[in-house]
Amino acid sequence: MKKSLVALALTGAFGAAHAQSSVTIYGTVDAGVSRTTHTANDSTQIGKRDNNKLGFRGVEDLGNGLKALFQLEIRYEPDTGTFENVSRPLFQGQSRVGLQGSFGTVRLGRGLSAFQESVIAFEPWSGLPAVAGYQTNLQVAGYTSDPLGPAGNSANRFSNALFYNTPVWNGFQVNFTVATKEANGNPAIIGRGTAAAPQYAANSEASANPYSVSATYTNGPFAAMVAHERNGVETKLSSVAASYKPIPALKLMASYQTQDQGHTLAINPDTDAWVIGANYTVGPGKWLFGYGQKTPDGVIKTKQVSVGYEHSLSPRTYLYLDLAQKKTPFVPTARTDVDQNHYALGIHHNF
Amino acid sequence: MKKSLVALALTGAFGAAHAQSSVTIYGTVDAGVSRTTHTANDSTQIGKRDNNKLGFRGVEDLGNGLKALFQLEIRYEPDTGTFENVSRPLFQGQSRVGLQGSFGTVRLGRGLSAFQESVIAFEPWSGLPAVAGYQTNLQVAGYTSDPLGPAGNSANRFSNALFYNTPVWNGFQVNFTVATKEANGNPAIIGRGTAAAPQYAANSEASANPYSVSATYTNGPFAAMVAHERNGVETKLSSVAASYKPIPALKLMASYQTQDQGHTLAINPDTDAWVIGANYTVGPGKWLFGYGQKTPDGVIKTKQVSVGYEHSLSPRTYLYLDLAQKKTPFVPTARTDVDQNHYALGIHHNF
Amino acid sequence: MKKSLVALALTGAFGAAHAQSSVTIYGTVDAGVSRTTHTANDSTQIGKRDNNKLGFRGVEDLGNGLKALFQLEIRYEPDTGTFENVSRPLFQGQSRVGLQGSFGTVRLGRGLSAFQESVIAFEPWSGLPAVAGYQTNLQVAGYTSDPLGPAGNSANRFSNALFYNTPVWNGFQVNFTVATKEANGNPAIIGRGTAAAPQYAANSEASANPYSVSATYTNGPFAAMVAHERNGVETKLSSVAASYKPIPALKLMASYQTQDQGHTLAINPDTDAWVIGANYTVGPGKWLFGYGQKTPDGVIKTKQVSVGYEHSLSPRTYLYLDLAQKKTPFVPTARTDVDQNHYALGIHHNF
C-alpha cells in the first residue's frame, strides 16, 4: 500500500491540474464620475451606477431533467476596493444552492426576495442602485426586506431563506421566499417601544417568519406582476406592476407600491409610491426615462425625474450618462423640501 | 524603442486573455434546515453541515519529480453570505505554499495541524463540523489547536507554521507541523493568573512553539494513527485511532483522546474522550453511525449518539439527514445535564 | 410564451456552463521564515517578502484598436490567511476599469499612483515590500500617497481616482493620476492644529485634489524617470531616477527623492532620500544589491544596506534569501540609532 491517509487529503488538494469545467466566473465593474447636490459629500466623486460583482456559479446535470445549481456573488466598491458599503457580507449579492427540475427551482441561502427579484423587470433602470434609478426607494415605497440585519446591510434580501420558483405555465409563474426567524445582528429598533425597552432589541429574532410572494405573467409584448412581502418586523409591502412594448424598441412600464409599517409605527404607518418609465433603444444607444412619487403619511412627498443614456461599445461594455432631479424632504419629518440634482458619467463592463 | 516602463506593467496586467491553466477553482456549498434544542437560538434555522468553501489551488511541475503547490481556501456561511463565523480570516480554510518531491511535502502558511488533518479519517462524519459529528468536540477531547488566535477563530489550525509530510513507506507516514511563537491577536487568557494579571495577556506570544506530530499506517482494510500535539498555551493532546473495513461497504472506526491543560488549569486539568463509529454504503446511500463520550475531570460527562444518511444524486451532490442526541452539562461546571436533540436536512454540492 | 420574468434572471444566473474566456485568474503566494532584530516581535516569524495576490483581470477587444479592461486584486497574508495587514480593503491591490486605445489608457477606481507605479522599475527589489527592499520607505523618502485612508491602509495608492497613461512616443511616456477629495475614513491628523482641533479631522475630505504625474524615457539599455505627486494633506514628493544595463545580465539603478510636508509640519518639513542598487543575473540565480539613505530634517539619518539572492526553479517559482542591515533611529525623533539586522528565506510562486 502506497496510499496514506494524509496523502489522500493531499490528492484531493493538489490533484492533477485538470481543466476547470464546473465553475463560471462572472462579474461587473462599473465606475464613473458623479455628483449629487445636497448630500453629505456634495462634491465630484468617483462612484458607481450599478452593483459591482465578482461571482462564481455552476450547474450540474444530475440526469432526468434534474440539476444542482449554486451561485456565490461578491459585491464591492470599485472606487476604494472595499466590500459593498464597506461592511456588507462577503457574498452580499447572493449565496444559494439548490435543485432545479420539472417541479421548479428550490434554493437555500441568501438572495433577493421573490418580490425584489420580480419587480426589477418593471423599473426603468432595471433595478440598478443608481441615484437616477428608483429601485432602492420609490420603487419599493421606502420598504426594506431586511430591517433585522446588521447596520448598513442591504435592504432587499433575505438571509436564512428558502426560495421556490414554480415552472412557467402559459406565461404564468409564482415565486415564493420564506425565511427563518434567526437573529442576524440588527441594531436596536425602538418602534412602538422606548429607548430603554426597544420593540426589537439588538440582535433580536424576527417576530414572525419573513416571507415574500410574487406572481408574474408574460404574454408577448405584455408583462405584469403582483407581489406581497412581510419582513422580520412585520412591515408589509404590496405591489402591482406592468409593462408593454408597443414596438420592440420601446418598453413602457409602471408600478404602484404601498408599505404598511403599522406593526412598528403608531402614527402615519402607510407609504404609497408609484413609478412610470420607458426604455427606448436606437442603434447602439438606449434611452431611459423615469418619473415617480413617494407619499409617506404625514411627511412631504418625494418626487423624482430621471433620464439616462447607455451607449454600447460591445454586448458586454457600455458608457452611460444619467441626469436626475429629486425633490426630497430636507429633514425627513419636515414640511420643507430640497431639489437634489444628480449627474453620473461612466463605464459599465461585464465579464 | 516602443516599450515603456509602465507599459510593461500594463502588459503584465492586461496581457492576452490566454487560457487559464495554472489555477483550479473548487468549493462546497452545503445548506439545510436544522434545529438543535437547548441552544441559544432554539428554533428552526437555515444552516450548514459541512464547511462551505471557495478555493483556489494549483500544482506546477518543476521537473525531476519536484512540484510547487499552493492552496488558498475561503470559508463562508451560506445562509447569510458572511465569512465563516462572521469574522474568521479570508482564507480560513488554508493558505499554504510549498514544494513536493521524493523528500515528501513541505509547506508554509496556515492550515490544519498534522493531528487535526490525520484524525479526520477516523471520525464517522469525516471531520465535518456537523452538530451530529464529533470532530470539533468529542473527537479532540475539547482541545483547541489555536487558543491564541482572535476570539471566534477556528480551533484546529496553526497559523505561521511549517508543515512537513514524509513520503509513504510501506503504508507508514509521519506528518509534522511546527509554528512560530508570533502573537496573533488573542483575547486575554486568565489561566493560572488573575483577571488583573492574566497568564496570557491579550495579543501575547506563545510560551512555547506549538507543534503537532502524527504517524499513520495503512495496510489493506486496516488503518491506524497515533498523534501528539501541543498548542501555544502548552496544552497537550494525545490521540490513538484505528479503522477496519470487514467488507468494502463497511468501515468501522474508533479513537481515544486525552487533553492535558495542566499548564493553565490548577485543578482538573485532564479531559478524556472516545468515539466509535461506522459508515455503511448501500447503493446511492451512505449511513453514518457514531457514539462518544467526553469526560473532563470534575465535570459531568458529555455523551452523544448520532445517525446520518447521505443520498447521492451524483458524485458531486448529495442530500443528507442527520439525527443526534447529546447529553451535555447544562452549565459547564454543574453536575446537571440536559438532552440536546438535533436534526438537519439539506443538500451538499461540490464544485 | 414559456419565458418568465424571473426565469430570465435564472437564465442569466445559471446559463450553460460555457467555457470561461473573459477572466484570467492570477496571483502570487510568497511565504518564508524571517527575523528582524529590534522590532516589536523580535523572534523568528513566518512571513512574506512580496505582496501576496489573488487577482482577476480581463481584456475585451471592442474593435478599431479599442479595448475595455478591468483588474481586481485581492491581497492577503499567507501566514495567517487574513487580508493584507488584517484590515485592508478586499481589493487592496487594485480595482480598476477602463479603456485602452490609440489615445492611451484611461482607468477609474483604485490603484498605484503614477509615481508609485513608475518608480518600481528603479528599485533593486522591484518594489517588493520586503524588509530588505527600499520601496516602502527610502525609495519614497518616507512619503505616503494616502494619508487620509483608514489607519493601516496602504501608503502608495489613490482611491477614487482617474488614471491616464499616454501612448509611448519614441520611448517617452507620461502617466497622470488625479483623485477626488472624497472623505475616506482617515483618523484625525493633528498637523498644524491641536489635539482638540486637528488640522484634518477624522474622516475629513482632502484639502486639495491629490494628483501624481510621472514621465518615463526608455532608450535601449537606458531608462529614466521624473515624477511629482501631491497627496490629500498637500504633502509633496519629487523624484528622479535612472537605470542602465552595461551588459544584459547587469542592471544598475539610482534614484533621489525629496518630500515636503510643509503644509502639515511647522518645523523640519523636508526629507531627502536616495537609493542605489544593482541586479545581476547568473544562470538560474539573480543577485540583488542595494544601499540607501533617508535624511529627515532634524532627525537622525536612516541607512540601509541589503543583499538578496533569488534561485529560479521555473519561470514561475523561485527560492530567495535576503540579508539586510538598517541603521535606524531608535526613537523617531531621537539622536540615537540602532542596528536592525534582518534575514529572510522563502519561496515565491506565481500562478
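When you check A:Leu128 against the structure, is it open to solvent by 10 Å² or more (accessible area, probe 1.4 Å), over 23 Å from A:Ala242 (Cα atoms) and either touching a Cys at 6+ places or on another chain (Cβ under 7 Å) or at pLDDT 95 or above (or both), yes or no? No: the conditions fail for A:Leu128. Restricting attention to the range B:1-42, the residues that are at pLDDT 85 or above, in a loop (DSSP other than H, G, I, E, B) and surrounded by fewer than 18 Cβ atoms within 10 Å (Cβ to Cβ) total 1. Of A:Leu62, A:Leu69, all but one fail to be surrounded by 19 or more Cβ atoms within 10 Å (Cβ to Cβ), within 7 Å of another protein chain (Cβ to nearest Cβ) and modelled with pLDDT of 95 or more; the exception is A:Leu69. Under the condition of being open to solvent by 20 Å² or more (accessible area, probe 1.4 Å) and touching a Ser or Thr at 6+ places or on another chain (Cβ under 9 Å), which residue from the range B:93-112 is nearest to A:Ser154 (Cα to Cα)? Of everything passing the filter in the range B:93-112, B:Leu112 is nearest to A:Ser154 (Cα to Cα). Pairing residues of the range A:99-112 that are within 11 Å of chain B (Cβ to nearest Cβ) with residues that are open to solvent by 10 Å² or more (accessible area, probe 1.4 Å) and assigned to a loop (DSSP other than H, G, I, E, B), at Cβ distances under 8 Å and at least 6 apart in sequence or on separate chains, gives A:Gly101/A:Asn64; A:Gly101/A:Gly65; A:Leu108/B:Asp79; A:Gly109/B:Asp79; A:Arg110/A:Pro89; A:Arg110/B:Asp79; A:Arg110/B:Thr80. Within the range C:222-237, if we keep just the residues that are free of Cβ contacts under 8 Å to residues at least 40 places away in the same chain, touching a strand residue (DSSP E or B) at 6+ places or on another chain (Cβ under 7 Å) and more than 10 Å from every other protein chain (Cβ to nearest Cβ), the residue that is least open to solvent (accessible area, probe 1.4 Å) turns out to be C:Arg230.
Entry remark, the range C:43-71: residues being part of a loop (DSSP other than H, G, I, E, B), under 30 Å from B:Gly149 (Cα atoms) and over 16 Å from the mean Cα position of the chain (by Cα) number 2 in total.
Under the condition of being touching a Leu at 6+ places or on another chain (Cβ under 9 Å) and polar (S, T, N, Q), the residues counted in the range B:256-283 number 5. For the range A:95-145, a residue qualifies if it is more than 30 Å from A:Lys294 (Cα to Cα) and out of contact with any strand residue (DSSP E or B) (no Cβ under 8 Å at 6 or more places or on another chain), and the qualifying residues are A:Ser102, A:Phe103.
Count of the range C:200-217 residues, restricted to those that are open to solvent by 60 Å² or more (accessible area, probe 1.4 Å) and either in contact with a Gly (Cβ under 6 Å, 6 or more places away or on another chain) or over 21 Å from C:Ser113 (Cα atoms) (or both), is 3. Within the range B:50-71, the set of residues being of a type in the set (Asp, Glu) and without any contact (Cβ under 8 Å) to a residue 40 or more places away in the chain comprises B:Glu60, B:Asp61.
Does at least one position in the range A:330-351 carry a residue that is of a type in the set (Val, Ile, Thr), within 17 Å of A:Glu123 (Cα to Cα) and out of contact with any Leu (no Cβ under 7 Å at 6 or more places or on another chain)? Looking through the range A:330-351, none of the residues is of a type in the set (Val, Ile, Thr), within 17 Å of A:Glu123 (Cα to Cα) and out of contact with any Leu (no Cβ under 7 Å at 6 or more places or on another chain). Can you name the residue in the range B:152-167 that is more than 13 Å from B:Pro89 (Cβ to Cβ) and either away from chain C (no Cβ under 12 Å) or surrounded by fewer than 22 Cβ atoms within 10 Å (Cβ to Cβ) (or both) and is also nearest to the chain's Cα centre (by Cα) among such residues? It comes out as B:Asn156. Residue count for the range B:136-151 satisfying the condition of being more than 24 Å from B:Gln199 (Cβ to Cβ) and open to solvent by 10 Å² or more (accessible area, probe 1.4 Å): 1. Only a single criterion out of (1) facing another protein chain (nearest Cβ under 10 Å); (2) more than 14 Å from C:Tyr211 (Cα to Cα); (3) charged (D, E, K, R) is not satisfied by C:Arg192, namely (1).
Could you check, for the range A:72-92, whether at least one of its residues is in a strand (DSSP E or B), surrounded by 24 or more Cβ atoms within 10 Å (Cβ to Cβ), touching a residue at least 12 places away in the same chain (Cβ under 8 Å) and hydrophobic (A, V, I, L, M, F, W, C)? Within the range A:72-92, one or more residues are in a strand (DSSP E or B), surrounded by 24 or more Cβ atoms within 10 Å (Cβ to Cβ), touching a residue at least 12 places away in the same chain (Cβ under 8 Å) and hydrophobic (A, V, I, L, M, F, W, C).
For beta carbons closer than 8 Å, sequence separation of 6+ or different chains, a first residue in the range A:256-282 that is free of Cβ contacts under 8 Å to residues at least 24 places away in the same chain and a second that is of a type in the set (Val, Ile, Thr), the qualifying pairs are A:Tyr256/A:Val240. Filtered by the rule that a residue be in a loop (DSSP other than H, G, I, E, B) and of a type in the set (S, T, N, Q), the range A:99-133 gives A:Ser102, A:Ser113, A:Ser126.
The values are calculated or read from the model by the stated rules, or taken from the named source; none is laboratory data. All figures in this text were calculated on a predicted structure; none of them were measured in a lab. Quick reminder, even Gly has a Cβ in these numbers, built from the backbone with ideal geometry, and neighbours come from all protein chains shown. Ligands, DNA and RNA are stripped out before the accessible areas are found, and what is left, the full protein with its side chains, is counted by its heavy atoms. Shrake-Rupley method; radii C 1.70, N 1.55, O 1.52, S 1.80 Å.
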